[in-house]
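The structure appears below as structure tokens.
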Amino acid sequence: MYEMRTLSTDAERDEAVALVQDRRRWLTARGLLVPARADIPAMFRDPQAEPAGLFEDGLLLACMIPQHTSRHGWDQRPCLFLSCFHTLPGHSGDTVRLITLWASDFAARLGLPLVRAEALARDPLYVDPIAPFLRRVIDMGWNLRGPGKGQHGEPVARLELLAEPRPGLNALIGCKVHEPQSAADSRSIT
């Protein structure tokens, strides 16, 4: 059984920081883009950010900072934005598929029409090394909205997914993620 939950303890947030650092080393070793402008580990250490993670039997497979936003660089439509999304090296394919299912359902339960995410990428997007990844996520239901500047000013591929209720998903992925809010208070969505 998988579980998506808000990383509420220092130990969980430290585990996310370690995952982010492992992912950065993995990307660097392969000559791929690594976020340079933002201190991503500091963002995961900040409890106010309410980072979330996907766990399988206690192993953290992915982490991100879910945000409810209506003011994004793409347009003004409200969305669930998966900021700072990182996967455990060696587990990306299935993990991204699970996050896709969860995010689509979670956004629908929040009453949001879209999920958005960014993948570091140079333009043109149709060439290696990003092209195979983009083909996989498009096959999972994501729409490629083109290149642009990301949340932290870096070149990215903009991805968008329609929100869709997925009854019965909780049999595969338990959800204990706090609802992203612009206010300081939040509530858990299960």
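The values are calculated or read from the model by the stated rules, or taken from the named source; none is laboratory data. None of these values were measured; they are calculated from a predicted model. Methodologically, a virtual Cβ is constructed for each residue, glycine included, from the backbone with ideal geometry; neighbour enumeration extends over all protein chains shown. Surface accessibility is based on the protein's heavy atoms, side chains included, excluding ligands, DNA and RNA. Shrake-Rupley method; radii C 1.70, N 1.55, O 1.52, S 1.80 Å.
For the range 1-51, the set of residues classified as charged (D, E, K, R) and within 17 Å of the chain's Cα centre (by Cα) consists of Glu3, Arg5, Glu12, Arg13, Glu15, Asp22, Arg23, Arg24, Asp39, Arg45, Asp46, Glu50, listed by residue number. Can you find a residue that is part of a helix (DSSP H, G or I), under 16 Å from the mean Cα position of the chain (by Cα) and at pLDDT 90 or above anywhere in the range 52-66? So far as the range 52-66 goes, no, none of its residues is part of a helix (DSSP H, G or I), under 16 Å from the mean Cα position of the chain (by Cα) and at pLDDT 90 or above.
Just so you know, in the range 113-126 the residues that are within 16 Å of the chain's Cα centre (by Cα) and more than 20 Å from Gly31 (Cα to Cα) include one that is surrounded by the fewest Cβ atoms within 10 Å (Cβ to Cβ), and it is Leu114. For the residues Asp14, Asp10, the requirement of being charged (D, E, K, R), in contact with a Pro (Cβ under 9 Å, 6 or more places away or on another chain) and open to solvent by 60 Å² or more (accessible area, probe 1.4 Å) singles out Asp10.
Restricting to the range 125-143, and then to whatever is out of contact with any helix residue (DSSP H, G or I) (no Cβ under 9 Å at 6 or more places or on another chain) and assigned to a loop (DSSP other than H, G, I, E, B), can you tell me which residue is farthest from Val34 (Cα to Cα)? Even if it seems obvious, please write down each step before you answer.
Keep residues of the range 125-143 that are out of contact with any helix residue (DSSP H, G or I) (no Cβ under 9 Å at 6 or more places or on another chain), which gives 127-132, 134-135, 138-139, 143.
Restricting the remaining residues to those that are assigned to a loop (DSSP other than H, G, I, E, B) gives 127-130.
Values: Val127: 18, Asp128: 15, Pro129: 13, Ile130: 13 Å.
The residue in question is Val127.
Is it the case, given these coordinates, that Gly168 is open to solvent by 40 Å² or more (accessible area, probe 1.4 Å) and at positive phi? Judged against the criteria, Gly168 is a match.
The sole residue among Pro41, Pro35 that is open to solvent by less than 40 Å² (accessible area, probe 1.4 Å), assigned to a loop (DSSP other than H, G, I, E, B), of a type outside the set (Lys, Arg) and within 23 Å of Ala121 (Cβ to Cβ) is Pro35.
So that you can scan it fast, the table gives a plain yes or no per residue for (1) within 25 Å of Pro41 (Cα to Cα); (2) loosely packed, with under 13 Cβ neighbours inside 10 Å; (3) charged (D, E, K, R):
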residue: Val96; (1), (2), (3): yes, no, no
residue: Ile99; (1), (2), (3): yes, no, no
residue: Asp105; (1), (2), (3): no, no, yes
residue: Asp128; (1), (2), (3): no, yes, yes
residue: Phe133; (1), (2), (3): yes, no, no
residue: Arg136; (1), (2), (3): no, no, yes
residue: Leu159; (1), (2), (3): yes, no, no
residue: Ala163; (1), (2), (3): no, no, no
residue: Gly174; (1), (2), (3): no, no, no
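Whether a residue is at pLDDT below 95 and part of a helix (DSSP H, G or I) was assessed, and Gly146 does not pass this test.
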